[in-house]
Each structure stands twice: as structure tokens, then as C-alpha cells.
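Please read the structure below before turning to the comments.
Any read-out appearing in this document is the output of simple, stated calculations on the displayed coordinates, not a laboratory observation. What you see is a predicted model, and the numbers here were worked out from it, not measured in a lab. Ideal geometry is used to build each Cβ from the backbone, glycine not excepted, and the neighbour counts take in all protein chains shown.
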Amino acid sequence: MTNLSVNVNKIGTLRNTRNLETPGITRLAAIALQAGAHGLTVHPRPDERHIRPDDVTALSAVVKQFPGAEYNIEGNPFHGLIEHCQRVRPTQATLVPDAREAFTSNHGFNLVELGPVERRALGHAIDTLHASGSRVSLFLDPIPEMMPLARDLGADRVELYTEPYALAHRNGQVATSIGTYARAATAALDAGLAVNAGHDLSLDNLGQFLRGVSPVAEVSIGHALIADALEFGLAETVRRYLALCA
């Protein structure tokens, strides 16, 4: 079964529109885990637009109440991610090359064009995260040639950036896109890396992705899942995603 990590950023976004601490992010995170989610994901950005530093700590405590659940903190390793991870020691750190002003993550690391200085800095970040006890995943576009480079940097996993797949699904071009992701996943596995996936996965497109790209260790889903929860309720929504993951 593919693990489901619920990204709770959008809960933080809604809460931050008022000063009432509503909705309660830790309470809803616990509901997601009670419904069977395998873990939680947060992406704390420097502007604190959704996840705040105290959320990182509080959600770590929530995850610890559920034996076997995993905590995934994602973000730019040079914008404070490492400090968060050293403080709470999550199961996994997902390194994302997002700019400070980025609306949302919109591309993976280009390891092919990475210069020697940047390569050393990224490798050092991975070593530091390993020393704090976290598994490390690199957020990458589905390019097979980059998978051995991720291994050489010391990554344990890659997370395939799936917005292009979601767009292809909407435009009726799934077959071509699935082939691209399947080849990237095979290259990752051949390099000894496990495969995660995330960005714009939804109830509409997740099942077809997982049938075509296998095995996927984990999907991290936030925006669509929280949107679906407005219609179905959070616990029922988690159960629907878990059914697809199975």
C-alpha cells in the first residue's frame, strides 16, 4: 500500500485569516491520523503564510501520539528547513527548491545543471539532516537522468513533482504523462531510491497515477484533500484517499 501523508498547510492558511486559532490545526491533524492517514506533512515557509514555527512543534507532538505515523517536513534547505528538522527530528525531510516569493512549489531541483558550489551545499544539507535522524527526499521533476545524481548526493528517496501529471489528466493526455513518470520511477528504483509523489494529486487522478507508476512509497496531498474535506468531512475524505492508495 502507498502511504498517505496529509499536508495540513491549507488548514493553517484558513486559520491565519483570523486571530481566533480556528480551525485548530492540531485537532484536525489528529482526526486525519485517527482516520488512518499514515502521517502528516508541513511546509513551513519564511513568511509563515500557513505553518508557523510553533505549529511545527505542536504537530510533531501529535504525530508521536500515533505509533508508526510519520512526520514529513518539506521546504527549501537554505530557508530554515534544517533548523526546524534539528529541533523536532521528523521522520523525513523533503528538500524543495522553492523561492521565498513562490506562490507554491512549481519545479524540482535541476541536478543536471547544479554547479559544484550548489552541489556541495545540497550534499552538506543532506548529511546534516541524516545526522539529526531524518530520512531525506529530494523534490524532482520526472527526469530519469537525475535519479542517480540524487543517490550520489546521499538522498534516500525522491518525490516526483506531479503538477504536470495533474494538468495532463485534466487535458486527457494521461497515457503520455504516465509513461514519463513511470520511467522516472523505474530509474529511481534502479538507483536504489524509494519514490514519493506529490502536488495536485486528487481523488480524480490519484488512482490512475498509482496504477501506472509503481511502486510509490508515499503520496503527500494537501490542497485537494482539504478542499474535498469541505464536502465529505475530513475523516471520510482521508478514508477515500486511503482506498485509492490501497
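Here are the numbers for the structure shown:
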read-out	value
Where only C-alpha atoms are counted, convex hull volume of the chain per residue in Å³	118 Å³
Environment charge at His199 (Cβ cut-off 9 Å; Lys +1, Arg +1, Asp -1, Glu -1)	-3
Mean ellipticity per residue at 222 nm, deg cm²/dmol - from DSSP H runs of n ≥ 4 across the chain, formula -39500 (n - 2.57)	-13500 deg cm²/dmol
Which of Ser60, Ser137 has the fewest Cβ neighbours within 10 Å, and the rest in rising order	Ser60, Ser137
Exposure proxy order (Cβ contacts within 10 Å, fewest to most) of Met1, Met146	Met1, Met146
Mean separation of Cα contacts under 8 Å, 6 or more apart, over the residue count of the chain: relative contact order %	21 percent
Contour minus Cα-Cα distance for Ala121 and Asp190 (0.36 nm per residue)	22.3 nm
Long-range amide H partners of Glu70 with built H, under 5 Å	Gly39, Leu40
Distance (nanometres) between label positions extended 7 Å along Cα→Cβ at Asp47 and Leu20	2.5 nm
Dipole magnitude of the chain, debye to nearest 20 (Cβ charges: Lys/Arg +1, Asp/Glu -1, about Cα centre)	460 debye
Separation in nanometres of the label points that stand 7 Å from Cα toward Cβ, at His223 and His130	3.3 nm
